[in-house]
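J.: The structure is given below, and queries will be raised subsequently.
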Amino acid sequence: MSTAAIPFVDLWRQHEPIEFELTEAITRVIRSSGFTLGEELEDFEREFAAYCGVAFGVGVSSGTDALRLALAASGVGDGDEVVTVPNTFIATAEAISLCGARPVFADIDEATLTMDPAALEAAITQRTKAVIPVHLYGRPAAMDEIMEIAGRYDLKVVEDACQAHGAMYRGRCTGSLGDAAAFSFYPGKNLGAFGDGGIVVTGDEEIAERIRLLRHHGQAAKNVHVEEGLCARLDALQAAVLAVKLRSLDAWNDARRVAAGLYDESLAGLAVLTPQVDTASRHVYHLYVLRCGARDALRADLTGAGIATGIHYPTPLHLQPAYRRLGYEVGSFPVAERAAAEIVSLPMFPGLRELEIERIADEIGRSIA
Ligand SMILES: *Cc1c(COP(=O)(O)O)cnc(C)c1O
């Protein structure tokens, strides 16, 4: 059996088969000399919005800016509160603060590790303006329940779909479920650029137009700045690369789902908890995350066997130094805290081989035996 190192992610396995198309797209942009805004960007925005089943897409410089601009364009500002979960990448909460609003956390559901709708409702105050459910690891959050609550309290919903390109919730694409949705094109995401990038998709034309202004210095026409904005556009080069890669997204997500199925099968019966399978949704396994009581020992054994792993995320945001000012403490969100101590992310990417999955499962079996 091979003992070659197994990486956490290998992007080259994904890019090698389409290297020619990628190079061709990059060359086209170089020859056009059009590097910002323009046709490459507009074409990709249209294609990605259509992929999500919504009318508008606005390309921006990162997932963080996508979240921030989606909130700002939804009317979130100084003194508002926005509810999200503590078990997410810090960008989700940063986007709230960058709008002048205050992040408020709500605990997660034990089985899905996504926002617990009851905890959301309990976190709502007079100041709450919006909610950011996170489709964590590629699994859609409980959007029907969340939208129902948001409707009752007149809150905007911005989906954090940064890990969920192509995921489906009860037959509808993530990105089409809230008032607006933010996607990241960080290289390791299910759809990744060759650098940073992001997009907001929305069915709301006003939100889309406002973000178009805000990402480009509030410029409504040449030298007419109707408000102060940002420099936060998606580059033409990234858009051209993403348009090529978008054609493979469904096949790549299928490959992730096959890999997840193999993990599920080969880990069945071991003393680890594999991700809950939800037949009503289409999980796209940005990450394949186990729970294991002896997580740290398991990771050390896997590292020793040349198998890379990760933890997403080891410290819930309410316990990060950056959010001490919010006044939460250990025990504020017990479900998220318990999960953080037990989760481990296994290698997961299109091109991960069946033999590699078998070897990883064998090592896990050996470690926890
Ligand atoms: C990656 C990610 C982001 C931020 O995206 P960037 O493109 O890195 O700014 C936000 N939320 C979640 C859940 C993410 O995984």
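J.: Looking for something within 25 Å of Ala95 (Cα to Cα), polar (S, T, N, Q) and open to solvent by less than 70 Å² (accessible area, probe 1.4 Å) - is there at least one such residue anywhere in region 46-63?
T.: Yes, that holds for at least one residue.
For (1) under 30 Å from Arg353 (Cβ atoms); (2) of a type in the set (Lys, Arg); (3) within 12 Å of the ligand (Cβ to nearest atom), each residue gets a yes or a no:
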position	(1), (2), (3)
Val9	yes, no, no
Thr23	yes, no, no
Thr27	no, no, no
Glu40	no, no, no
Phe56	no, no, no
Val85	no, no, yes
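J.: Could you tell me how many of the residues in region 136-148 are open to solvent by less than 20 Å² (accessible area, probe 1.4 Å) and either away from the ligand (no atom under 16 Å from the Cβ) or within 17 Å of Ile96 (Cβ to Cβ) (or both)? If you could, list the steps in order and put the result at the bottom.
T.: Here is the first cut: in region 136-148, the residues open to solvent by less than 20 Å² (accessible area, probe 1.4 Å) are 136-141, 143, 146.
Subset that is either away from the ligand (no atom under 16 Å from the Cβ) or within 17 Å of Ile96 (Cβ to Cβ) (or both): 136, 141, 146.
Adding up the residues that qualify gives 3.
J.: On to the next question. Identify the single condition in (1) part of a loop (DSSP other than H, G, I, E, B); (2) out of contact with any Pro (no Cβ under 9 Å at 6 or more places or on another chain) that Val335 does not satisfy, given that it satisfies every other one.
T.: (1)
J.: Taking only pairs six or more apart or across chains, which ones have beta-carbon atoms under 9 Å, a first residue in region 226-249 that is farther than 22 Å from His216 by Cα, and a second residue that is of a type in the set (Gly, Ala, Ser) and open to solvent by less than 40 Å² (accessible area, probe 1.4 Å)?
T.: Listed by first residue and then by second, the contacts come to Val244/Ala25; Lys245/Gly192; Lys245/Ala193; Leu249/Gly166.
J.: Pairs needed: first member in region 84-95, open to solvent by less than 10 Å² (accessible area, probe 1.4 Å); second member anywhere, more than 8 Å from the ligand (Cβ to nearest atom) and part of a loop (DSSP other than H, G, I, E, B); C-beta distance under 7 Å; at least 6 residues apart or different chains.
T.: Hits for this filter: Thr84/Ile132; Val85/Ala106; Pro86/Pro316; Pro86/Phe333; Thr92/Ile132.
J.: Right, next: Scan Arg324, Arg291, Arg299 and give me the residue that is within 25 Å of Ile90 (Cα to Cα) and open to solvent by less than 50 Å² (accessible area, probe 1.4 Å).
T.: When all the criteria are applied, what remains is Arg291.
J.: Okay, moving on. Given the structure, is Asp250 in contact with a strand residue (DSSP E or B) (Cβ under 9 Å, 6 or more places away or on another chain), open to solvent by 10 Å² or more (accessible area, probe 1.4 Å) and either modelled with pLDDT under 95 or within 30 Å of His15 (Cβ to Cβ) (or both)?
T.: On the way: in contact with a strand residue (DSSP E or B) (Cβ under 9 Å, 6 or more places away or on another chain): no; open to solvent by 10 Å² or more (accessible area, probe 1.4 Å): yes; either modelled with pLDDT under 95 or within 30 Å of His15 (Cβ to Cβ) (or both): yes.
Taking the combined requirement at face value, the residue does not satisfy it.
J.: From Leu69, Leu113, grab the single residue that is within 13 Å of the ligand (Cβ to nearest atom), in contact (Cβ under 8 Å) with a residue 12 or more places away in the chain and open to solvent by less than 10 Å² (accessible area, probe 1.4 Å).
T.: Details: Leu113 fails: open to solvent by less than 10 Å² (accessible area, probe 1.4 Å).
Of the residues listed, the single one that is within 13 Å of the ligand (Cβ to nearest atom), in contact (Cβ under 8 Å) with a residue 12 or more places away in the chain and open to solvent by less than 10 Å² (accessible area, probe 1.4 Å) is Leu69.
J.: Go through region 344-357 and report how many residues are open to solvent by less than 80 Å² (accessible area, probe 1.4 Å) and either touching a strand residue (DSSP E or B) at 6+ places or on another chain (Cβ under 7 Å) or in a helix (DSSP H, G or I) (or both). Show your work before the answer.
T.: So the first thing to find is which residues in region 344-357 are open to solvent by less than 80 Å² (accessible area, probe 1.4 Å), and the list is 344-352, 356-357.
In the following step, the residues that additionally are either touching a strand residue (DSSP E or B) at 6+ places or on another chain (Cβ under 7 Å) or in a helix (DSSP H, G or I) (or both) were identified as 344-348, 356-357.
Looking only at that region, the number is 7.
J.: Continuing with the same structure: Would you be able to tell me the number of residues in region 177-196 that are open to solvent by 10 Å² or more (accessible area, probe 1.4 Å), within 11 Å of the ligand (Cβ to nearest atom) and over 18 Å from Arg68 (Cβ atoms)?
T.: The qualifying residues number 3.
The values are calculated or read from the model by the stated rules, or taken from the named source; none is laboratory data. Not measured: the values here are computed from a predicted model. Note that we place each Cβ from the backbone using ideal geometry, even for glycine, and neighbour counts take in every protein chain shown. The accessibility values were calculated without ligands, DNA or RNA, using every heavy atom of the protein model including side chains. Shrake-Rupley method; radii C 1.70, N 1.55, O 1.52, S 1.80 Å.
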